[in-house]
Amino acid sequence: MDRQRGTARTAPGDRGPAADGATGTGARARSFGAAAARYADHRPSYPPALLDALAELTGRALAGARVADVGAGTGIATALLDAYGARVVAVEPGEGMAAEFRRRNPRLPLVRGDGNRLPFAAASLDLLTYAQSWHWTDPDRAVPEALRVLRPGGALAVWSNDPDLRVGWIAGQHTRIEERFGPGFHTNERPRFGEGVAFTTRRLPWSRRVPVDVHLAKLSTHSLFLIGAPGTDAFLAEERRRLDARFPDGWLEEHYVVDLRVVPRP
């Protein structure tokens, strides 16, 4: 690891946080590796407004900040932080996702680890980010770890790309998924930071226009589908018929709301 980006300790083995049994979602947490290329190709990025809000809520420019992006996956958020000038290192527990990260971001540093046991020295970071990954941690372990590695005045930032359920067809699809497979399709529940931890929230609506095929491929990269729950192939085929009928030109607008939460280190 680039020593300017924080001093690494011994990295944990290839074991995601849920493998400890902390979240009860071990199979889902480990499911992404086999679909890493598809994940990188079809998962949405984030709007520029997110990076502006991050700088505003943390009270410092991202340029030059020492940042660790935890649960980095294939590097979607890591690459954005780097583009804004942050001295960022990715932290990823999964072998498949780490390999895809390296393939797509060969010049960005990556260490193996997870949020419950961060491979950084105390007070070595200005910012710790979790993009769509806080829900795989055990907050009782991850919060103290964040406090340990952040310097005084640093901040923990957690965000997720949530489907905008104010949009009719998106709400309908979400309802059908939960009726068919039960609740928990989108695992980005409102983050639990621990008793007495105060945070600032910013919600940022945005959208992207994509082909129906891309939307369905994106849908298939969610862990519920990756673990092979019975009926997922049939469900996706039925969704294709619905979407083809609703969007005959083959394109649709995916609407999201980024839920950003920032916790300053005392």
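For segment 76-96, filtered to residues that are of a type in the set (D, E, K, R) and not in a strand (DSSP E or B), the residue that is least open to solvent (accessible area, probe 1.4 Å) is E92. Consider G73 carefully, then state whether it is in contact (Cβ under 8 Å) with a residue 12 or more places away in the chain and crowded, with 19+ Cβ neighbours inside 10 Å. Criteria met by G73. Taken over segment 39-56, the criterion of being part of a helix (DSSP H, G or I) and modelled with pLDDT of 80 or more is satisfied by A40, D41, H42, P48, A49, L50, L51, D52, A53, L54, A55, E56.
Report whether or not A99 is open to solvent by less than 20 Å² (accessible area, probe 1.4 Å), under 17 Å from A40 (Cβ atoms) and not in a strand (DSSP E or B). Judged against the criteria, A99 is not a match.
For segment 145-181, the set of residues classified as outside any helix (DSSP H, G or I), of a type outside the set (D, E, K, R) and open to solvent by less than 20 Å² (accessible area, probe 1.4 Å) consists of L150, G154, A155, L156, A157, V158, W159, S160, N161, listed by residue number.
The single residue among G59, G21, G26, G33 that is modelled with pLDDT under 75 and open to solvent by 40 Å² or more (accessible area, probe 1.4 Å) turns out to be G21.
For segment 190-204, the criterion of being at pLDDT 90 or above, closer than 23 Å to L50 by Cβ and charged (D, E, K, R) is met by at least one residue.
Of all residues in segment 94-110, those satisfying the criterion of being over 13 Å from the mean Cα position of the chain (by Cα) and not small (G, A, S) are E95, E100, F101, R102, R103, R104, N105, P106, R107, L108, P109, L110. Of all the residues in segment 111-144, those that are more than 20 Å from L80 (Cα to Cα), among the hydrophobic types (A, V, I, L, M, F, W, C), open to solvent by less than 10 Å² (accessible area, probe 1.4 Å) and within 16 Å of the chain's Cα centre (by Cα) number 1.
The values are calculated or read from the model by the stated rules, or taken from the named source; none is laboratory data. Quick caveat, the model's predicted, so the values are computed rather than measured. With ideal geometry, Cβ positions are generated from the backbone for all residues, glycine too; neighbour counts draw on all protein chains shown. Areas reflect the complete protein model, heavy atoms only, side chains present, ligands, DNA and RNA absent. Shrake-Rupley method; radii C 1.70, N 1.55, O 1.52, S 1.80 Å.
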